[in-house]
Structures are given as C-alpha cells and as structure tokens.
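Below you will find the structure I want to go over with you.
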Amino acid sequence: MSFEFIRKLPTPAEIREEYPLPRNLAELKQERDAAIRDVITGKSSRFLVIIGPCSADNEDAVCDYINRLARINEKVKDRLILIPRIYTNKPRTTGEGYKGIVHQPDPEKKPDFLAGLIAMRKMHIRAFQESGLTAADEMLYPENWRYISDILSYVAIGARSVEDQQHRLTASGFDVAAGMKNPMSGDLSVMLNSVYAAQHSHSFIYRGWEVTTTGNELTHTILRGAVNKHGNNVPNYHYEDLNRLLEMYNTMELKYPACVIDANHSNSGKQYEQQVRITKEVMHSRRLNADIHKLVKGVMIESYIEEGCQKIGEGVYGKSITDPCLGWEASERLIYEIAEYE
C-alpha cells in the first residue's frame, strides 16, 4: 500500500490572499482577543460561553444561528462573552463518518479538500462579518491552523489530540486562548502536562519550516468527562472534580490557572438536554467557592437552531448531523440564566 498524491493544495498564505479578512474585522478581532485574554488572566470578571453546533456543516444555517447569538450578546455583553462554535473539523473515533466541512463542503458528496479549505475560510469570515463575533474552532489538524489563524479567537484541542506532541507544540505558537481537553481516559495529569507544554517555547518542524514559538500563556484546561474501561461515561464537572483540578493546578508552575467546562460529551453522556442542568450546577459551584469561581472561566455548550440530530440527507435546516444539540429556545433561555448568575 502507498500514498496516492492527488494534487498540491494552496498554502495558507495563498488562500488568505485570495480570501482576505477585511481590515475593520481584523481590528475587531484584536478587541475580542483582548477581552478573552482579560478573562483568562483574571483582569475581567466576565464569563465565557462557547456555544454553537457540534459541527458547522451548512454555512447559511450556521450564520443564521450566530446572528441570533449576536442579538443576545448585545443584552449580556457586560457579564458574558459569547464565542460561537464554528467547528469545521470533526474527529471520528473509528475514522468513519462526516469529518467536517474541510473534508466535505457538501456532506452528501465526496471529499473535496480544495473546496473545503475555501468553504471553511469563507464561512468563518461571513459569520464574523455579519455578527461581529469571532469564533472558536477545534484544531484537529495542526497543519491547517494558519488557514484561519487570523480569524479565530479561541481554539480547542480535543480529547483524542491532547496527548499528541504536534498539537501541543503548535498551540505554543498561538496568540489566542487555547483549551486543552482532558483525554478520553479522564487522566487530568495528561491534560495539565499538555497545558504546561503549550505554555512554553519550542523549536520544531511545521509545514516544512524550522520554527520557534514563544509559548502561549493563555493555554488552559477543558473538562469534558471521560470514558472508563467498561465504556461508561464518567462526568468530571462536579464540585469535587473542580476542587481536585484546583489542587493539581496548585502543584504545577502554570500561568493563569483556568478551566472551561464542556457540558456535553461524556459529562452529559451525550444527553444534550442535560447541558442545562450541568451548566447550572457549575454556576452554583462557582457561587459556593471563591477559588472555584476564579478557576472556572466559562462553559462550552453544543447548541443549534433545532434540537437533537439527524442523519445526513434528511435535510432539516439548522439540525446537527453529528452529535445532538440543544435547540435554540432552550439555548437562549440558558444564556440569560447564566448571565443572572454573574
């Protein structure tokens, strides 16, 4: 068996030149980045709400959702920073299934990576231009980061990627907040070691270049629950879990201890409606303990226009084709409830 090289794809610089970010948006991104930085470093008491579809598979529906989010943002921006999820790459446990818009700009057609890279960038720019909100995406492929590095304000490193050295080293060169999820096993030391690695400088090979990074002091943790050896979900968002993470942070020389709670995945057992209860419990824990209040900087919620999920080809507008999501009405209500806690 061997590789079959299909075609050479444009470099990030070439794609960015063809689809540039307007100057006024670049200035707005700097403002958003600074506001998020202030939350991570403790200068701001605002709370991060990273919310949106499990996967960004349809540009019109995604932008519709984010424009709705922008209208709420105007009402809560003194207490919350809403960061829309525009997840364009999806990790698959077995390699089967929809892998995101970079692979398939049209989920019902064959992969087309050139069209996918363009679709990814165009969707991020459109969503930002229409809503004024910079987004979060997951860095599944480190070599793809620079195709949208000038647009994103938040990057997540997933549970399957957090132990990978290339992900850690690439994150050390980010100039925006990067969240390291705990691995599927739930081992918090792996997650914290990843934070340590990304907060320090490194030299390595990236996209054919010898590079050196300065380290990213905004790297922090994301608790997403775990899966035990029997395949059962084990949540890690409870008060005791947050205290344990705090204790572990205190044993390591890390800048700005910070944590975001992923309310779905193994924390909810993918029971999407439980995200409401889980988020409220996290907010309550912050109220009970000043140290936990300082540690927990935000929540991550999977949400879309229509609740639940559908199979590819069913064609329901604004409904997830990957993991099930909270619907819009419940999501809107939850955002306002989070703001009331602050």
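The values are calculated or read from the model by the stated rules, or taken from the named source; none is laboratory data. This one's a predicted model, so the numbers in the text were calculated from it and none came from an experiment. In this analysis, Cβ positions are derived from the backbone assuming ideal geometry, glycine residues included, and neighbour counts consider all displayed protein chains. Side chains included, ligands, DNA and RNA excluded: accessible areas come from the protein's heavy atoms. Shrake-Rupley method; radii C 1.70, N 1.55, O 1.52, S 1.80 Å.
Which whole-number percent gives the relative contact order of the range 40-194, counting Cα pairs below 8 Å spaced six or more residues apart?
18 percent
What residue among HIS220, MET184, SER203 has its Cα farthest toward the positive end of the dipole of the range 164-240, where the charges are +1 on Lys, Arg and -1 on Asp, Glu, each on the Cβ?
Highest projection toward the positive end goes to MET184.
Just need log10 I(q)/I(0) for the range 1-85 at q = 0.16, 0.19, 0.27 Å⁻¹, Debye formula, equal scatterers on the alpha-carbon atoms, no solvent, rounded to two decimals.
-0.86, -1.05, -1.27
Once phi is turned into ³J(HN,Hα) by the Karplus curve 6.51 cos²θ - 1.76 cosθ + 1.60 with θ = phi - 60°, what whole-Hz value does each residue of the range 219-236 show in order, with x for glycine and proline?
5, 8, 9, 10, 8, 10, x, 9, 10, 7, 5, 8, x, 8, 6, 10, x, 9
Further, regarding this structure: Considering Cα pairs under 8 angstrom that are at least six residues apart, work out the relative contact order of the range 186-295 and quote it in whole percent.
24 percent
Then there is this: From the C-alpha coordinates alone, can you work out the Kirkwood hydrodynamic radius of the range 15-137, in Å? If you can, show how the numbers build up before the last one.
Working: mean 1/r = 0.0649 Å⁻¹.
Averaging 1/r across every pair of different Cα atoms and inverting gives 15.4 Å.
What is the set of long-range amide H partners of LEU80 at a cut-off below 5 Å, with H atoms built 1.01 Å from backbone N?
PHE47
At a 1.4 Å probe, what is the % contribution of carbon and sulfur to the accessible area of the chain?
Here it works out to 48 percent.
Let's test this: bin the Cα-Cα distances of the range 100-178 at 10 Å from zero up to the farthest pair and state each bin's percent.
For the range 100-178, the binned pair fractions read 17, 47, 32, 4 percent.
Further question: Give, to the nearest whole percent, the P(r) tail of the range 207-342 beyond 17 angstrom, counting all Cα pairs.
I get 65 percent for the Cα pairs in the range 207-342 exceeding 17 Å.
Hey, another quick one. How long are the semi-axes of the equivalent ellipsoid of the range 174-251, taking √(5λ) for every eigenvalue λ of the Cα gyration tensor, in whole Å from largest down?
Over the Cα atoms of the range 174-251, the semi-axes work out to 28, 15, 9 Å.
Determine the relative contact order of the chain: mean sequence separation of Cα pairs under 8 Å and six or more apart, normalised by residue count, in whole percent. Don't skip to the answer; put the middle values down first.
On the way: 671 pairs, mean separation 55.7, N = 342.
Worked out over the chain, it gives 16 percent.
Can you give the log10 of the normalised intensity I(q)/I(0) at q = 0.16 Å⁻¹, computed with Debye over equal Cα scatterers of the range 64-206?
With no solvent term, the Cα-only Debye profile gives -0.94.
Taking only the alpha carbons of the range 142-220, what extent do you get along each of the three principal axes, in Å, biggest first?
On the principal axes, the range 142-220 reaches 33, 25, 20 Å in Cα extent.
Also, quick follow-up: As a test, work out the antiparallel percent of DSSP beta bridges whose residues both lie in the range 127-253, rounded to the nearest 5. Working shown, then result.
Working: 6 of 17 bridges.
DSSP beta bridges in the range 127-253 are roughly 35 percent antiparallel.
Could you list which residues have their amide H under 5 Å from that of ASN216, counting only those 5 or more apart in sequence or on another chain, with H placed in the peptide plane?
GLN199, HIS200
Pairs of lysine in the range 1-117 with Cα under 25 Å and at least 8 positions apart or on different chains: total?
Lysine pair count for the range 1-117: 15.
Still on this structure: List every residue whose amide H lies under 5 Å from the amide H of GLU307, counting only residues 5 or more places away in sequence or on a different chain, with H placed 1.01 Å from N in the peptide plane.
Correct list: GLY327, TRP328.
Stokes-Einstein diffusion coefficient for the range 275-342 at 20 °C in a medium of 1.002 mPa s, Rh from the Kirkwood formula over Cα pairs: what value in µm²/s?
Estimated diffusion coefficient is 162 µm²/s.
Provide the per-residue ³J(HN,Hα) series for the range 164-180, in order, calculated from phi with Karplus coefficients 6.51, -1.76, 1.60 and θ = phi - 60°, each as a whole number of Hz, with x at glycine and proline positions.
7, 5, 5, 5, 5, 5, 5, 4, 5, x, 6, 10, 10, 4, 10, x, 9
Is any helix in the chain, taking whole DSSP H runs, at least 15 angstrom long along its axis by alpha carbon and on average at least -0.5 on the Kyte-Doolittle scale, and which ones?
59-76, 113-131, 188-199, 328-341
Quick one: length gained pulling VAL316 to GLU247 fully straight, 0.36 nm per residue minus the C-alpha distance?
So the chain would gain 20.3 nm between VAL316 and GLU247.
Something else about it: Percent antiparallel among DSSP beta bridges with both residues in the chain, to the nearest 5? List each step's numbers first, then the result.
On the way: 7 of 38 bridges.
So the antiparallel bridges amount to about 20 percent of the total.
Then there is this: Charges only on Cβ, +1 for Lys and Arg, -1 for Asp and Glu: so what's the dipole of the chain about the Cα centre, in debye to the nearest 20?
Once rounded to the nearest 20, the dipole reads 220 debye.
With a 1.4 Å probe and all protein chains left in place, how much accessible area per residue does the range 174-261 have, in Å²?
So the range 174-261 comes to 47 Å² accessible per residue, rounded to a whole number.
Helix-only mean residue ellipticity at 222 nm, the chain, DSSP H runs n ≥ 4 weighted -39,500 (n - 2.57), per residue, nearest 500. What is it? Each step should come with its number before you reach the end.
Details: 10 runs with 129 residues, N = 342.
So the calculated ellipticity at 222 nm is -12000 deg cm²/dmol.
Along each of the three principal axes of the Cα atoms of the chain, give the extent in whole Å, ordering the values from largest to smallest.
56, 48, 46
Now, a different point. Hey, what's the Cα Rg ratio for the range 226-274 versus the globular rule of thumb, 2.2 N^0.38 Å?
Rounded to two decimals, the normalised Rg is 1.33.
Tell me, what ³J(HN,Hα) does each residue in the range 99-105 have, in order and in whole Hz, if you take phi through Karplus 6.51 cos²θ - 1.76 cosθ + 1.60 with θ = phi - 60° and put x for Gly and Pro?
Result, ordered by residue: 9, x, 5, 5, 6, 9, x Hz.
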